[in-house]
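The values are calculated or read from the model by the stated rules, or taken from the named source; none is laboratory data. Computed from a predicted structure; not experimentally measured. As a convention, Cβ positions derive from the backbone with ideal geometry for all residues, glycine included, and neighbour counts pool all protein chains shown.
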């Protein structure tokens, strides 16, 4: 044995290495920021999901005709789909670029690099494909239109959540973080539920009944938006509170 | 791969005894620590110095040994006006670390058995 090991039996040496690995892994974790950021971006999208409903009498509501279907905007009754698609295209790109800048700052501060480039690239490429793909495909002979069952994934305007989930899976791999993988699993579940199911139905037994003609009819899609946002914000807040800080064991 | 890397003693058959699987270049607490940390992520000089509790000079010497053995790569650059030195492990370094940890684990197993 060399002098550096003189006082350390193999058990202690292995234990020492395990501690160093844990410390390094913990120091590189900075995922609270993208969780909170994408949660806030989701909350900021809420106005685009509020349907443009005109009350035409008791129990009767008139919805504006939906705009052209877009992958990121869905087929929003109320005509906000195109605005929603633009919002998500810009918000996703901004979110991924801000996260990349965040990790650059974090690695300068702690001295450990997390390869966030794959996360950023995945997110931006998927966002660009989701936004531009349908526009380009419209000129192709087979055109672009709702294709079941894929249609169910975007018709509610929630496809951006799945793009955010894909990015988080890449980030969980880059950070070697089981906790982030679990959070992403929960978020992916919420995003899929929001894409495939009317979450308002879950609130019906609790007394919320946003039926046609009621004042809350404009808000029927919001539970689909706020559920994934809630998962991100709660997880992000928890990760922020539990983040490793200098001087804390 | 540096010339010193090729001069490193070849590992004996670890089945004979785990200590035969230990590599003199790697089998040193702080060098193992450097390899362990950089196997997790690229790390800068300051992080390694603080995590391992070494002086800058001591860390430099260990880095030189590992770099000459082809187990790590040292990248020097600037961030703004501030010089930064980043250390990354090579594939040879990952293999050496894995072999070392295996040999140590086998030693522990035999000791307990």
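Quick notes on this structure:
- Exactly one residue out of A:172, A:237, A:217 is part of a helix (DSSP H, G or I) and at pLDDT 95 or above, and it is A:237.
- Meets criteria (farther than 30 Å from residue A:115 by Cβ, within 14 Å of chain B (Cβ to nearest Cβ), out of contact with any strand residue (DSSP E or B) (no Cβ under 6 Å at 6 or more places or on another chain) and modelled with pLDDT of 75 or more) for residue A:47: no
- Qualifying residue in segment B:29-36 (condition: more than 9 Å from every other protein chain (Cβ to nearest Cβ) and modelled with pLDDT under 95): no
- Candidates A:27, A:18 - the one that is closer than 30 Å to residue B:103 by Cα, at pLDDT 85 or above and touching a strand residue (DSSP E or B) at 6+ places or on another chain (Cβ under 8 Å): A:27
- Residue count for segment A:191-210, restricted to those that are surrounded by fewer than 20 Cβ atoms within 10 Å (Cβ to Cβ) and not in a loop (DSSP other than H, G, I, E, B): 10
- Residue match in segment A:61-72 (condition: more than 21 Å from the chain's Cα centre (by Cα), closer than 22 Å to residue A:162 by Cβ and either at pLDDT 90 or above or surrounded by fewer than 16 Cβ atoms within 10 Å (Cβ to Cβ) (or both)): yes
- Residue match in segment A:121-143 (condition: touching a helix residue (DSSP H, G or I) at 6+ places or on another chain (Cβ under 7 Å), farther than 30 Å from residue A:243 by Cβ and at pLDDT 80 or above): yes
- Any hit, segment B:38-52, residues being under 23 Å from residue A:174 (Cα atoms) and away from chain A (no Cβ under 11 Å): no
- Among the residues of segment A:23-33, those identified as at the interface with chain B (Cβ under 9 Å from one of its Cβ atoms) and surrounded by fewer than 21 Cβ atoms within 10 Å (Cβ to Cβ) are A:23, A:25.
- Scope segment B:58-83; condition exposed (fewer than 15 other Cβ atoms within 10 Å of the Cβ) and under 19 Å from residue A:107 (Cβ atoms); matching residues: B:74, B:75, B:76, B:77, B:78, B:79, B:80, B:81, B:82, B:83
- Residue list for segment B:76-87, filter: within 16 Å of residue B:49 (Cα to Cα) and within 11 Å of chain A (Cβ to nearest Cβ): B:84, B:85, B:86, B:87
- Taking segment B:89-113 as the range and being within 12 Å of chain A (Cβ to nearest Cβ) and touching a helix residue (DSSP H, G or I) at 6+ places or on another chain (Cβ under 6 Å) as the test, the residues that pass are B:89, B:97, B:103, B:104, B:106, B:107, B:108.
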